[in-house]
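The values are calculated or read from the model by the stated rules, or taken from the named source; none is laboratory data. What you see is a predicted model, and the numbers here were worked out from it, not measured in a lab. Quick reminder, even Gly has a Cβ in these numbers, built from the backbone with ideal geometry, and neighbours come from all protein chains shown. The accessibility values were calculated without ligands, DNA or RNA, using every heavy atom of the protein model including side chains. Shrake-Rupley method; radii C 1.70, N 1.55, O 1.52, S 1.80 Å.
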Amino acid sequence: MRRRRKLLFYVFLLLAGCWSLYQINSLIMGSHTEKQNAGKLLYQVSLFQMELLGSFLHDANQSQGTEGLDMLRQAIYTANFTHEHLVLAFGEDELVPLKGLTQLMQYVVRLQIGGQRPLKADESQTLEQVRKQYADLYDAYGKLMSTDHKIVSSQNERLIKTDKAMTELIKKKLLQ
């Protein structure tokens, strides 16, 4: 009887130890899975914001004046905000910040500072050039995450190249 109790006690301790190890392992592996899922969801939100920005860039050329750029300015802000958080989630060693979005925001604000007025021909042309470059950037952005929820380095390199070209274009226009 005493042996039986002792044996039951050791079996219980063994089961409790196995259960604890299983829970710890699930906790560790679960947080990794949750991090991947959070990164994937943040990428989807960021991609959606980038798509909206592309749509507003397309509509900006149809706008006759600076008052029509309000929605574009908001779209730039939200796209930049979500991308910055995506960079924070994955790290700057895997994903680059997009300086072109910051420059574009400055350009649009500069256009609006003068108040409500019609867009000049060169301003409309600049927005059209930015839209074309942004289309390339968005194409790379759409292919940025692999099926296993990791950043594709070749698409990140494409983002760097396109963002640099867009940044240089806008900087040149800001300095005029």
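Things to note:
- In the set (1) small (Gly, Ala, Ser); (2) surrounded by fewer than 19 Cβ atoms within 10 Å (Cβ to Cβ); (3) free of Cβ contacts under 8 Å to residues at least 40 places away in the same chain, the condition left unmet by Ala89 is number (3).
- Exactly one residue out of Gln133, Gln125, Gln176, Gln129 is without any contact (Cβ under 8 Å) to a residue 12 or more places away in the chain and surrounded by 13 or more Cβ atoms within 10 Å (Cβ to Cβ): that is Gln125.
- Scanning segment 107-122 for residues that are under 17 Å from Ile76 (Cα atoms) and loosely packed, with under 15 Cβ neighbours inside 10 Å gives Val109, Arg110, Ile113.
- Checking His149 against (1) under 19 Å from Leu57 (Cβ atoms); (2) of a type outside the set (Asp, Glu); (3) surrounded by 12 or more Cβ atoms within 10 Å (Cβ to Cβ), the condition it does not meet: (1)
- Glu84 being modelled with pLDDT of 90 or more and among the charged types (D, E, K, R): yes
- Residue match in segment 32-39 (condition: open to solvent by 50 Å² or more (accessible area, probe 1.4 Å) and at pLDDT 85 or above): no
- Restricting attention to segment 136-146, the residues that are open to solvent by 50 Å² or more (accessible area, probe 1.4 Å) and not basic (Lys, Arg) total 3.
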